[in-house]
């Protein structure tokens, strides 16, 4: 691991955002992951997204489980809240935290092991409940911490470093998320920040369950010939359906593309997702069509990336439950313990 | 754009801003690391090889390296390179066995050096150890030239001059002091194979305005007065002194006057304060000693009563710039400013003076009466005569004199052996990877956030009482270590191997100063605008490399690179490596001072 600390000095022309923070202010300590890990690029993309969205670091909660990916929240947003949960249990902890304080921005960071194996049930239920969160799976198809066994997302036929193929069917987390009702679904690649940063920005601003499957090559155990999650393989098979920019509400909107090539999607909070279409017949608001499109292209061996699905009118768990508006920590004892009279009244109403 | 040719030694040499800016190209970061390692003698020898006068330059250099220092761009102030050089000299200890010895056998070639200033002495230093019979002529009793005659002792103690001039005299150089050369022709007739003219710019420029003659007894030419002070001929000056001129000589004059009884000393300059030629730190030192600098005042006349100077009058001016950006000083029309004084020191410039060079011996002079000298070879139009230092291209400074001397010595050596003078020898470049283990680097790459440390000064009350008391105390070892740690090790280069790169972005993500970008290729001017941090400093190169799988290029802006090595540390394939580029300019003498972490190499 790297023992050096990153110098505090930064480029003298480094810009500040609306809050007066530089991008460097959103960093954490130097990563202890293997040099070149895709996960570090995703961390850098998260830093960039939070900086560009002018998010206050202390209003963000980053939660994770166990695994290489789940270590990464240590290395970004050093001034934010963090919770490193039990293996696969990040979605439950996040749901609980969200219920207790809906004012924070929730960022769940997980991996293919944490979310597709031990935490598959957790993942499924957090998505189907519509928890307002950004859920990123840093997907490298192997268990890096235990030296590179195939994970549940490894493609059938993909080979390990010794050339032995994987014989199990992969779990397609994008398809699951769509089926389970995620209202913002994207796939990207750690080696393409131009695509990844706006996708994360859009997810952070989205109300409802936002899910991003980010392919993130494991340079130590899954970046060889025969791997389907290597830098080279993903670059060769990457089929982006669109390119996206996030336009904050107050910025002027100028159309740069011919009609039919550009689509503006207004999000709940007033931000716009500006989508430049690459696949012209692709409609990211039609859930069934999206699911069909993904299956067809997967069958052709293509990795479809971009903003795959968005429901900009989505509601979230708090809306479904009609929960109290204020965070629990701001409620008084009287609010939280209404007393015997209130209990008696409630009981009476149920008789 | 064209990929960078890193096999050209100039490319990485330029990245070492201090070394590139130094006329003698002293390997600065290498000696600073040695100082941090308390290997002062090694640090001294690296300097001695390159700039010949480390102790002298460590106190008096014009420091072209410091404005160039990268630290001054990423932070506020450059590393105190000059004063660290002095540290190497102050703490070097015993140098036994390190200095070259007189040549055991002479090569039969005789070289005369006119003047015993830095240029001539450096030529002698380069030529004597390889067998040349070098004779140095000077009209003063001891060697050093302007170093001894013009630089006040409170800035440069005599002992330092004696020591460093002594190292050269000990190389078997014949010195003919107290002997004035009054004919170059007769010197050439004496059969020297080559003559090097390093006679400096010995004449102070006068200021001829009304009252100059009448008040002459109290008007002194700056450099003449300084040398009279140096040699003890002048020991006091009037209470009220005006120093005219804005260069470093003026600063030496005013500070000397302050120590010889002048308690009301003023510097008066024609230009604005900012445009003064003096180095900023010399102006600062003068002001610190209670000397005001009055600007935009053009002398009108010397005022005198009964044959005695009583003051000066000045016209108040302002600067106006014409369409071409040329500055004109225009009178404000206000009443003349009168400043009373007892003495005036005129330090408004120096001139060359070659009354001893006959005009019929094949040396062409230009319309400013300066000899025509080849900038590369330092040869004049008489093939046996070479010029260097202030004598070559007018007043500069010691470090330029040394730089000229090394080149002139190479030319003389080639000339004496029938070589082509325009075929200059290549520098000696040593490349050493700094990678020791997976996460270990053999240089200290932890970037310190300290601001520049001030050099301790003698208490002003004591300093102003004695003109020979050195006013700067120099860094102690602890301060020197901390200041040395501010050096960014710019000679440890980021070297990129595109074939190994998998374009994972790890280097881009980790770089603290956003130097590195992977982007579509384009013309340089346009590519510079598309980098992670736009590369707006056009004096700094961008390192471009093609040959990547995606067809993009790697572009690294050298401008702000901290040389911290994090790119290489976080590179999974070793596509980035940190490699030390030691670049030693060619010299005549094969002086061995190459050092490594392990010790001095034979």
- Whether the stretch B:204-349 is rounded, prolate or oblate, judged on the alpha carbon gyration tensor where a/c under 1.5 counts as rounded: oblate
- How much FRET efficiency would the formula 1/(1 + (r/R0)^6) give for residue B:73 and residue A:351, where r is the Cβ-Cβ distance and R0 is 60 Å, rounded to 0.05? 0.15
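Rounded if a/c is under 1.5, else prolate if a/b beats b/c, else oblate: with a ≥ b ≥ c from the C-alpha gyration tensor eigenvalues square-rooted, which is the stretch A:23-321?
It comes out rounded by the Cα gyration axes.
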- Taking 7 Å along the Cα-to-C-beta vector as the label spot, tell me the residue B:14-residue A:224 distance in nanometres, rounded to one decimal. 4.3 nm
- Which angle from 0 to 90°, rounded to the nearest 10, does the C-alpha axis of helix B:81-90 make with the longest principal axis of chain B? 80 degrees
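If you count, for every residue in B:507-517, the Cβ atoms of partner chains within 10 Å of its Cβ, what is the mean? Write out the running numbers ahead of the final one.
Numbers: counts 2, 3, 11, 9, 4, 10, 8, 6, 1, 0, 0.
Mean inter-chain Cβ contacts per residue within 10 Å come to 5.
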- Would you mind telling me which residue in A:292, A:329, A:84 has the biggest mean-square fluctuation in a Gaussian network model of chain A, where springs connect alpha carbons within a distance under 10 angstrom? A:329
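Using only atoms on other chains, find how many Cβ atoms lie within 10 Å of each Cβ of peptide B:566-573 and report the average.
Working: counts 6, 0, 1, 5, 11, 2, 8, 4.
Average per residue, whole number: 5.
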- Residues of the stretch B:303-320 with amide nitrogen under 15 Å from the 7 Å Cα-to-Cβ point of residue B:332? B:314-320
- Item | Binned Cα-Cα distances of the stretch B:270-330, short to long, each 10 Å bin given as a whole percent | 19, 34, 34, 12, 1
- Task: Go ahead and collect, in residue order, the members of the stretch B:533-565 whose backbone nitrogen is under 19 Å from a label point 7 Å along the Cα-Cβ direction of residue B:526.
- Result: B:533-536, B:542-547, B:551-556
- Message: Between the stretch A:45-74 and the stretch A:102-125, what is the separation of their alpha carbon centroids in Å?
- Response: 14 Å
- Message: Nearest 500 deg cm²/dmol is fine: what mean residue ellipticity at 222 nm does chain A get from its DSSP H runs of n ≥ 4 alone, each adding -39,500 (n - 2.57), divided by its residue count?
- Response: -8000 deg cm²/dmol
- Message: Need one number: nm distance between label points at residue B:353 and residue A:237, each 7 Å from Cα along Cα→Cβ, rounded to one decimal.
- Response: 8.6 nm
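Per the Kirkwood treatment, what hydrodynamic radius in Å, one decimal, follows for the stretch A:25-110 from the mean inverse distance over all distinct Cα pairs? Each step should come with its number before you reach the end.
On the way: mean 1/r = 0.0771 Å⁻¹.
By the Kirkwood definition, the hydrodynamic radius is 13.0 Å.
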- Message: Can you tell me what share of the DSSP beta bridges in chain B is antiparallel? A percent to the nearest 5 is fine.
- Response: 60 percent
- Sorted by packing (mean other beta-carbon atoms within 10 Å per residue), highest first, where do B:466-472, B:265-271, A:17-23 land? B:265-271, B:466-472, A:17-23
- State the antiparallel share, in %, of DSSP beta bridges confined to the stretch B:204-349, rounding to the nearest 5. 55 percent
- If you take the beta carbon distance between residue A:32 and residue B:450 as r and set R0 to 25 Å, what does 1/(1 + (r/R0)^6) give as a FRET efficiency, to the nearest 0.05? 0.40
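Calculate, for residue A:288 and residue A:103, the FRET efficiency according to 1/(1 + (r/R0)^6) with r their C-beta to C-beta distance and R0 41 Å; round to the nearest 0.05.
Working from the Cβ atoms, E equals 0.75.
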- Message: Quick check: from the Cα gyration tensor, does the stretch B:369-415 come out rounded (a/c under 1.5), prolate or oblate?
- Response: oblate
- Task: Between the alpha-carbon centers of the stretch B:46-78 and the stretch A:131-175, tell me the distance in whole angstrom.
- Result: 56 Å
- Message: I want to check the label-to-label distance for residue A:145 and residue A:281. Put each point 7 Å from Cα in the C-beta direction and report it in nm to one decimal.
- Response: 4.4 nm
- Message: Within the stretch A:88-119, list the residues whose amide N lies under 15 Å from a label point set 7 Å along Cα→Cβ of residue A:125.
- Response: A:88-99, A:118-119
- Message: If neighbour count is taken as other Cβ atoms inside 10 Å, put A:10, A:87, A:58 in order from fewest to most.
- Response: A:58, A:87, A:10
- Message: For the ranges B:378-390, B:453-465, B:183-195, what's the packing order if you count other beta-carbon atoms within 10 Å of each residue, average per peptide, and put the highest first?
- Response: B:378-390, B:183-195, B:453-465
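Since every read-out is calculated from the coordinates, none of them should be taken as a lab result. All of these numbers come straight from a predicted model, not from anything done at the bench. Note: ideal-geometry Cβ built from the backbone for every residue, glycine included; neighbour counts use all protein chains shown.
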